[in-house]
1. For q values of 0.12, 0.13 Å⁻¹, compute log₁₀ I(q)/I(0) with the Debye formula on a Cα-only model of segment 144-295, without solvent.
2. Is there a pair in K618/K681; K177/K207; K545/K607; K60/K190; K194/K225 whose C-alpha atoms are over 28 Å apart, and which pairs would that be?
3. Quote to one decimal, in nm, the extra length available between D671 and D818 on full extension: 0.36 nm per residue of separation minus the C-alpha distance between them.
4. How much FRET efficiency would the formula 1/(1 + (r/R0)^6) give for A614 and D485, where r is the Cβ-Cβ distance and R0 is 41 Å, rounded to 0.05?
5. Would you grab the residues whose amide H sits under 5 Å from the one on K60? Only those 5+ places off in sequence or on another chain, please, with H modelled 1.01 Å from N.
6. Using the charge dipole of the chain (Lys, Arg: +1 at Cβ; Asp, Glu: -1 at Cβ; taken about the Cα centre), state which of L690, V72, L363 has its Cα farthest towards the positive end.
7. For segment 785-867, compute Rh as the Kirkwood radius over C-alpha pairs and then the Stokes-Einstein diffusion coefficient at 4 °C and 1.567 mPa s; write the answer in µm²/s, rounded to an integer.
8. Give me the 1.4 Å probe accessible area per residue for segment 438-573, excluding ligands and nucleic acids, in Å².
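The values are calculated or read from the model by the stated rules, or taken from the named source; none is laboratory data. Keep in mind the model is a prediction, meaning the values are calculated, not measured. Here the Cβ positions follow ideal geometry from the backbone for every residue, glycine too, while neighbour counts run over all protein chains shown. Heads up: the accessible areas ignore ligands, DNA and RNA and are worked out on the full protein's heavy atoms, side chains in. Shrake-Rupley method; radii C 1.70, N 1.55, O 1.52, S 1.80 Å.
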Amino acid sequence: MADVEVADVEVADVEVALEQVEDLEASSEEEDDEEEVEPSLKYERSIKSDLRDRIFPNTKISIISVHEKFIVLGDVHGQVFLLDHSGNIIRQINAHKGPVTCISIDSTGEYIASCSRHDPNVIIKGLYKESSERDSSESFRAAVYSVELGPDFATQGHYVVGTDRLMFNEKGFFGVKRSVLHAGEGPIWKVSWKKTFIAWANDMGVKIFDTNSRKLITKIARDPKSPSPADYQCHLCWYNGVTLLVGWANTIKICQVRPRTSADSQDLPPFYVEVMNIIYLDHYVSGIGPQPDDKIISLGYRAPENGQPVRPCIRITSFNGEELSLEELSIKGYETCGPNDYNMSVLTYDHFVYICAPTDLVLAKPRDMDDKVEWLKDRLRFDEALEVVRVHESQLRKHTFKSVGQKYLAHLRSVGQFEKCAEACSSILQGDGEAWQQEIMAFTNCKKLTVLCPYIPTKKPVLKPWAYELALSSFLNAHEFELFDKFVRLWPPEIYGQQAVINYLKKMLSEIKLSPADNLSLLKCLGLLYEYQEDFVNSLYLYIKLSDPKAFALIDRYNLFASLEGDDKILRLLTLNEEKAIDLYINNTDKIPVSMVVEDLKKRDKKTKSSEVARRTKLLYKYLDSLFQMDPEIGFEYHEDMIGLYAEYDTSQGKSRLMRFLRESTSYPIDKAYEICEKRKLYEAQVYLLTQMGRPIQALSLLVDEIGDITAAIEFCKEQDDKELWDNLLKKATESNKSSYITGLLQNIGTHINPKDLIAKIPNGQKIDGLRDSLVKILCDYKLQIHLNEGCKRVFVNDTVSLSRKMRGLARRGAHVDEESNCQICKNMVISDRESSDVTVFFCGHVFHNEPCLERLGKNYCISCRK
């Protein structure tokens with residue numbers, strides 16, 4: 001873009017200017033709609049200590065310059081004040097006859113230089129004893145407008161002075177050697193020196209000089225349309241060693257010094273300057289300084305509007321011209337200040353900005369994360385504040401996630417957003433038990449504790465018992481009984497005092513009239529609380545009274561069988577769940593005696609209704625029947641009662657339960673059982689009982705005459721295998737005139753009676769259905785019986801012959817006898833070198849000498865095995 005030619009710079013200025021004007025016009029239409037932007041700086045008024053007590057009451061400040069070690073102020077009376085950063089005066093110098101217009105501090109902080117345009121003197125002071133040898137007061141022939149100590153002043157003693165010309169001062173062999181760098185264009189208003197580059201401003205513009213090559217690099221012309229330079233002074237600031245910021249009137253130019261890559265002529269300087277950007281502002285620049293990350297801070301003066309003075313402003317702008325922040329300043333006496341009455345100095349190492357007016361000094365500091373959090377809090381943007389704390393916690397000194405979160409919670413409560421507040425508690429309070437308890441009290445005071453309860457922690461941390469008790473009581477007070485029930489079951493019982501909650505609950509149940517549903521719900525909760533407290537007896541009493549199925553598990557888990565006695569608990573459990581109750585009773589007869597169950601179910605009084613009696617009786621039947629099915633010996637003393645119960649309630653096919661009972665039990669009186677069965681005409685039971693009583697003829701009569709089941713009668717006769725019974729059956733069958741009886745006999749008698757006898761007794765001429773088939777069956781059965789007998793005979797004969805042969809073979813088989821075999825009587829070897837005698841070997845393997853051992857004993861069997 002720009003080179004050393006002034007014309008090139010001006011063309012660049014115009015192009016960038018047009019872009020900036022268009023941006024300003026476009027952004028101004030949206031400015032009112034933008035939300036409030038967080039400021040980039042925080043401000044504090046430095047009116048304290050000596051500033052307050054000794055300087056501002058007596059004089060006005062004309063200039064300021066700052067160093068990381070101290071602050072230097074110049075006043076309108078020509079005095080220079082050296083202060084620490086707390087505002088205390090370290091040193092006071094009477095330097096000039098008029099207002100101090102320029103102060104320069106060397107990079108080491110050992111020397112300061114000052115001048116006043118009202119006298120021709122430049123004062124240089126060493127601040128320490130060892131540097132005081134450089135103290136000087138140089139006088140020039142014209143008024144001095146600016147002075148700047150070189151970067152290496154402490155070692156080289158170089159500095160520049162601006163009068164109507166720019167003079168370079170350096171050590172010479174015979175003292176200070178002066179050389180003129182520039183002249184002929186009016187006063188040198190400002191000078192700034194960085195490394196090897198010196199920049200200065202006069203009425204014509206800004207120039208940059210290279211001290212190494214001793215050549216002027218460039219000239220940056222002042223806009224001819226800009227206001228008078230005497231009214232709106234130029235401000236120069238090096239952003240770094242190669243970037244110069246020029247603030248003049250309402251523009252900021254960003255100029256960068258670049259090395260020349262190709263030397264077209266030996267007369268050109270080794271560097272050129274490029275104007276990177278021109279930023280147009282809506283105020284006049286009264287000060288300029290660097291900010292980190294390619295940002296510029298400027299102090300702005302704004303002309304009065306409608307005759308009313310306007311506060312000065314601080315603007316932070318990026319290098320590309322984007323406005324990052326714009327803030328008005330509360331400067332004392334701004335109403336009477338012009339654009340040249342303000343001064344600004346930036347402390348580069350921490351970017352503190354000192355803004356000076358004649359009667360005020362304001363310090364602007366970069367905002368840190370604590371400031372950001374505070375700003376968000378003040379605007380009730382707590383969600384954003386918490387996110388900042390979460391991400392930048394290590395950078396915070398004043399705020400913590402907890403402290404900001406608690407402010408947020410307090411705000412939510414104050415505006416009635418209790419649901420949102422309760423929801424946020426978990427993430428904000430986390431494991432801080434004390435904070436949780438404080439929040440519980442806060443919600444209690446607002447009568448909204450029920451809203452917080454779902455979020456109250458029960459572990460990590462566990463709060464003090466009173467906190468949970470208070471929460472549970474809040475549900476009762478608010479008649480939120482479902483929630484009370486939910487959290488009594490949800491919360492671990494050990495975290496609160498169960499007795500305190502029980503007492504409160506019992507008091508409510510006794511004092512307040514509740515609906516049946518609410519009363520039932522609270523009584524169940526009371527039972528659960530008793531269980532938590534290990535008062536299982538009261539808990540069981542309530543569960544049984546409320547017909548709660550949990551009663552069964554409670555009895556079994558805590559062995560509460562003894563607690564079932566009295567108060568109709570046995571009956572209540574049967575009513576609650578008949579199957580479970582009976583199963584419980586019959587499996588725990590050692591703990592729930594049969595007598596206790598029976599007596600409870602037999603209990604009657606005058607007020608007992610017949611329907612209730614019937615219900616109890618049927619339950620007694622089911623209990624005793626289940627008990628008998630499990631073990632017929634248990635409850636034998638109630639077997640007499642069971643006959644009537646079976647007769648009444650046994651609905652199984654053919655009264656099978658009754659019949660099983662009659663067959664398996666031996667603890668009932670047969671005559672009474674028969675009487676009951678006879679009364680109810682239970683013929684099958686009667687037949688069995690008559691048989692047991694030794695009256696089979698009467699039993700057979702029932703089968704034939706009353707039941708009419710010839711097949712059952714035949715089976716009965718087969719079981720009894722009594723010829724008299726068969727004869728009686730034949731007689732009844734032939735005399736009954738029922739052909740079905742005779743047919744049944746013909747088909748089922750088998751070999752129990754002679755078919756001839758049956759056929760002979762059939763009356764002549766009696767018609768018998770299926771006679772031919774019955775006779776054929778008899779003949780076939782007889783033939784089959786003959787075949788079976790013959791087959792069995794053949795098998796028997798074959799087995800006999802086979803076994804006989806096998807026995808003979810075994811008897812004739814040789815037996816092995818070796819040299820180690822001994823006679824079982826004399827214990828001598830049966831085989832030796834001597835002449836061996838005959839031996840006898842039995843099937844068991846034992847060996848005996850025939851002579852003289854066996855003959856002497858006269859035995860024909862193994863005496864060893866016989867022993």
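1. -0.51, -0.60
2. On the way: K618/K681 21 Å; K177/K207 22 Å; K545/K607 20 Å; K60/K190 21 Å; K194/K225 30 Å.
Violating the 28 Å limit, Cα to Cα: K194/K225.
3. Length gained, D671 through D818: 45.1 nm.
4. Working: r = 37 Å, r/R0 = 0.91.
Given R0 = 41 Å and the Cβ-Cβ separation, E is 0.65.
5. Amide H to amide H, under 5 Å and 5 or more residues apart or across chains, K60 pairs with V76, H77.
6. L690
7. Details: Rh = 15.6 Å.
This corresponds to a translational diffusion coefficient of 83 µm²/s.
8. Values: 6800 Å² over 136 residues.
That works out to 50 Å² per residue.
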